[in-house]
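The values are calculated or read from the model by the stated rules, or taken from the named source; none is laboratory data. Bear in mind that the values here come from a model prediction, so they are computed numbers and not experimental data. No Cβ is skipped: glycine too gets one built from the backbone with ideal geometry, and neighbour counts run over all protein chains shown. Calculation scope for accessible area: heavy atoms of the full protein, side chains included, ligands and nucleic acids excluded. Shrake-Rupley method; radii C 1.70, N 1.55, O 1.52, S 1.80 Å.
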Amino acid sequence: MTEMKRHHALSLLWSLGNLLKSTFAFILFLFVFRAGSDQAWVFYARIIFYIGICIALISIIWKWFTTRYSADEKAFHIYTGAFSRTRRTIPYTKVQNVSRHTSFFHRLFGVTSIRFETGIKGDDATFQLQVVSVSEAEQLEKRVARHLSEVQATVEGTMDDEQDAKDEKSLLAEQYIETEEQAGSDSSANNNDTGIKGTLEHVIHYRSTRKDVLKASFTSLSFLVLIPILGSLYSTVKDFFPDETVTESLVLTWLESWWVTSLVILLLILVSVGLGIVRTFVKYGDFQITSDDKRIYITKGMLEKTSFSIQKDRVQAVKITQSLMKRMLGLAEVELTTAGSLGEASQEINTLYPFLPVREAYRIIEEMLPSYHVTEEMQKLPRKALWLRLLKPNWLWIIVTGVLAYFKPVLFGMEQAWWMISLLLLLWITTCRVINFYHTRYALNDQFIQFRSGALTSTLFLSKREKVIEIKITRHPLQRKLGLASIHTVNRAKPVMHQYVHDIPDDVAGTFQMWYMRRSNEVQIR
């Protein structure tokens, strides 16, 4: 497919739908709420609205006519403009993430949308087709995957030849120019014999069941979706009955009898739980995690299908997050940090099923990424780190206490309530610091670094040494006096990912620095 093509004709309808959604509030205000208004500003506002809609419609049609694209064997080419032509080229080697989203609109017309994301900053780093046929989307994705496999096989073959030649030379000639583009391929040890063929068979690591969806609906508190609906309904009733006494008397009449009250509460609970289950089922139903020897594939959704694929060697780190409720139920959320991103939706798409059992999450990580290993044996912080955290001043508490002492608000008839609020806030901060201390763990092994921290929500961070692009070791005066230090790691992502662990022993910080210096032995790319 090397000829230039326009975007799918249905993209015009898609753009028109987005225009209507973005202007719906103005339409509602100007033509519904102010339908019978004769005020001058409403009249002129409608004229401005008409002009804006006309300009937007012309822009949509003009952009469709003047934008074309092509895909050859090595890159995407995007052509824009009519009088001043602009050509943008995105090589396949820069593509890091590929995602497909099939909304109800796409399913209705038998099409989909596809997005190719690179690690480059800016809007021009992405090639996206909002509407494209399913066959063409699959063809584009296979074309990119095939080219990346060929490039990787070529690079690995060149590296093997250079390694053989290097063994015959002196040690003075062993110099490498470091680059992150090909560093640390998860499957480099197995691809020397298989070449570009690889194993194309998908291995299913996880598939959601009805039991998982039910558990997820309660864990995510999605049943609380009924609360804003009831609030909106009550507000609507008050609009019909402006007199507050009428509304209150109507509600009190319904709740006079205890059995009516019980029935209403039971009905609300059942409806709320039902809506929560339906909402979770629509969002996480048919969730599936698969992989082959090169990529990880994630698909989810019932009405709207979302699929995402990522190269295994693009994974920079793994984050396992547990909220308080998830810790009580033994569940966890696993997020893959990649060098590329998908904008605002990247966190949601890079996330594996967010309600995985902890043991199951560990198993899936090690199956998908054989070069990653989650260890449960981690080191605790020394006891003196707890005292350091307790003695550290909290500026939030100081500012809040100062404001309360100045205004001295009276709550529930108590004039001294301000210092009680200050005391409760201090107690809450102290409790969170103690919990954070006991949750904080760290581990260093031959190739991996692993942190865990957090109070109510704990996060486990795991990364390979070759994926950490920068480290920093800091010590403030109190830490130096107590023999403690803080370490800071940086991983490539969009935005750049920073991870911290504070108040570790000083000798561990020195060991960490030596551990990172051995990274030069692993990154050997031109």
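Of the residues Ser272, Ser309, the single one that is assigned to a helix (DSSP H, G or I), open to solvent by less than 20 Å² (accessible area, probe 1.4 Å) and modelled with pLDDT under 85 is Ser272.
None of Tyr353, Tyr362 is under 32 Å from the mean Cα position of the chain (by Cα), part of a loop (DSSP other than H, G, I, E, B) and closer than 30 Å to Ile204 by Cα except Tyr353. Among residues of region 5-26 that are without any contact (Cβ under 8 Å) to a residue 40 or more places away in the chain, those with a Cβ under 7 angstrom from a residue that is of a type outside the set (A, V, I, L, M) and surrounded by 11 or more Cβ atoms within 10 Å (Cβ to Cβ), sequence gap 6+ or separate chain, pair up as Phe26/Phe49. The single residue among Leu303, Leu336 that is in a loop (DSSP other than H, G, I, E, B) and either surrounded by fewer than 20 Cβ atoms within 10 Å (Cβ to Cβ) or modelled with pLDDT of 80 or more (or both) turns out to be Leu303. Restricting attention to region 59-90, and to residues there that are farther than 19 Å from Glu3 by Cβ and modelled with pLDDT of 90 or more, which single residue is surrounded by the most Cβ atoms within 10 Å (Cβ to Cβ)? Looking at residues that are farther than 19 Å from Glu3 by Cβ and modelled with pLDDT of 90 or more, I get Ile60. Selection of region 77-106 for residues being of a type in the set (A, V, I, L, M, F, W, C), over 16 Å from Ser309 (Cβ atoms) and within 23 Å of the chain's Cα centre (by Cα) yields only Phe104. Checking each residue in region 362-382 for being open to solvent by 40 Å² or more (accessible area, probe 1.4 Å), out of contact with any Phe, Trp or Tyr (no Cβ under 9 Å at 6 or more places or on another chain) and closer than 27 Å to Gly483 by Cα picks out only Glu377. For region 350-362, a residue qualifies if it is among the charged types (D, E, K, R) and in contact (Cβ under 8 Å) with a residue 60 or more places away in the chain, and exactly one does: Glu360.
Can you find a residue that is touching a helix residue (DSSP H, G or I) at 6+ places or on another chain (Cβ under 6 Å), modelled with pLDDT of 90 or more and open to solvent by 40 Å² or more (accessible area, probe 1.4 Å) anywhere in region 114-128? Checked against the condition, which is being touching a helix residue (DSSP H, G or I) at 6+ places or on another chain (Cβ under 6 Å), modelled with pLDDT of 90 or more and open to solvent by 40 Å² or more (accessible area, probe 1.4 Å), region 114-128 yields no hits at all.
Being among the charged types (D, E, K, R), free of Cβ contacts under 8 Å to residues at least 40 places away in the same chain and assigned to a loop (DSSP other than H, G, I, E, B) is a condition met by at least one residue of region 29-37. None of Arg465, Arg441 is buried (at least 16 other Cβ atoms within 10 Å of the Cβ), charged (D, E, K, R) and in contact with a strand residue (DSSP E or B) (Cβ under 6 Å, 6 or more places away or on another chain) except Arg441.
Cβ-Cβ contacts under 8 Å between residues 6 or more apart (or on different chains), taken from a first residue in region 84-99 that is closer than 19 Å to Arg68 by Cβ and assigned to a strand (DSSP E or B) to a second residue that is open to solvent by 80 Å² or more (accessible area, probe 1.4 Å) and at pLDDT below 85, are listed as Arg88/Asp124.
If you go through region 38-51 and pick out every residue that is of a type outside the set (Lys, Arg) and in contact (Cβ under 8 Å) with a residue 12 or more places away in the chain, you end up with 3. Take the conditions surrounded by 14 or more Cβ atoms within 10 Å (Cβ to Cβ), of a type in the set (Val, Ile, Thr) and in contact (Cβ under 8 Å) with a residue 40 or more places away in the chain and apply them to Ile421. Does it pass? It is false that Ile421 is surrounded by 14 or more Cβ atoms within 10 Å (Cβ to Cβ), of a type in the set (Val, Ile, Thr) and in contact (Cβ under 8 Å) with a residue 40 or more places away in the chain.
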